[in-house]
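Worksheet for the structure shown next.
The values are calculated or read from the model by the stated rules, or taken from the named source; none is laboratory data. Just so it is clear, the structure is predicted and the values come from calculations on it, not from any experiment. Neighbour counts are summed over all protein chains in view; Cβ atoms, including those assigned to glycine, are modelled from backbone coordinates with ideal geometry. Ligands, DNA and RNA are stripped out before the accessible areas are found, and what is left, the full protein with its side chains, is counted by its heavy atoms. Shrake-Rupley method; radii C 1.70, N 1.55, O 1.52, S 1.80 Å.
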Amino acid sequence: MNTQYPATDLVILAGGQARRMNGTNKLLQQFDDQIQLSKICESFKAQVQHIWVNSHRDNSIYKQIEPNIRCYADDQHGFLGPLMGMKSAWSYVKADYVLFIPCDVTYIPNQVLVKLHRALHKTPQAQVAYITMNGDALYPFCLLKRESLPVLTQAIAENRLSLRDCFQQFEAQVVVFQKQSLFCHSINSLDELQQYKQMKVFKQSISG
């Protein structure tokens, strides 16, 4: 466990319907050389206390791949989006900090957790820090404090499910990342997945 920052758990957000992927479970797909679940877990195992998957299905498959994984479903049915996954996390997680990451992210920056913690440490009143990738805000890729729970709960009760709008109440901090060769930072459809794989093959052919 890392001692540079307070105890932190990781939650992989995989609770959506994946409509644009025809219902395919993105966390079990292989975008690169590894299944997404394995790629994300390997990136953070040494940096967090526990790894959770926010999902409504396939828990037994997750545990076959990563035996120490923990799983929880949304508090409410209806696929209310990442805000519900974040709110529900605090019923299970004991740590006061959670790093949330979308299941469909293609690139995990180096030192991302350390940098998010630094951003929160510099602004103690801030309750969340999220990343931008090549200028795009990735609100679900964020470090959130437990004290955010009352605002999350109220937002859901009022059916205000926008992460961007919610984060405005948290004095959100931003950690900026750039990656020149990045084709897309997350995969949202079967077409995007096909394009992403084709682009990787093309890059490998010109570099090899």
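If the requirement is being open to solvent by less than 10 Å² (accessible area, probe 1.4 Å) and modelled with pLDDT under 90, which of these qualifies: 79, 44, 100, 31?
None of the others qualify; the one that does is 31.
I'm checking my understanding of the structure. Among residues of the stretch 14-28 that are at pLDDT 65 or above, outside any loop (DSSP other than H, G, I, E, B) and open to solvent by 20 Å² or more (accessible area, probe 1.4 Å), which one is nearest to residue 63 (Cα to Cα)?
Result: 28.
For residue 146, are the conditions met, namely being surrounded by 14 or more Cβ atoms within 10 Å (Cβ to Cβ), at pLDDT 95 or above and farther than 22 Å from residue 89 by Cα?
On the way: surrounded by 14 or more Cβ atoms within 10 Å (Cβ to Cβ): yes; at pLDDT 95 or above: yes; farther than 22 Å from residue 89 by Cα: no.
Against the criterion (surrounded by 14 or more Cβ atoms within 10 Å (Cβ to Cβ), at pLDDT 95 or above and farther than 22 Å from residue 89 by Cα), residue 146 does not qualify.
Can you name the residue in the stretch 104-134 that is surrounded by fewer than 22 Cβ atoms within 10 Å (Cβ to Cβ) and in a strand (DSSP E or B) and, of all such residues, is modelled with the highest pLDDT?
Looking at residues that are surrounded by fewer than 22 Cβ atoms within 10 Å (Cβ to Cβ) and in a strand (DSSP E or B), I get 132.
Suppose we filter 95, 89 for residues that are buried (at least 20 other Cβ atoms within 10 Å of the Cβ), at pLDDT 95 or above and not charged (D, E, K, R); which single one remains?
Values: 95 fails: buried (at least 20 other Cβ atoms within 10 Å of the Cβ).
Exactly one of 95, 89 is buried (at least 20 other Cβ atoms within 10 Å of the Cβ), at pLDDT 95 or above and not charged (D, E, K, R), namely 89.
Kindly provide the set of residues from the stretch 135-182 that are under 17 Å from the mean Cα position of the chain (by Cα), within 21 Å of residue 104 (Cβ to Cβ) and either part of a loop (DSSP other than H, G, I, E, B) or in contact (Cβ under 8 Å) with a residue 60 or more places away in the chain (or both), ordered by number.
140, 143, 161, 162, 163, 166, 175, 177
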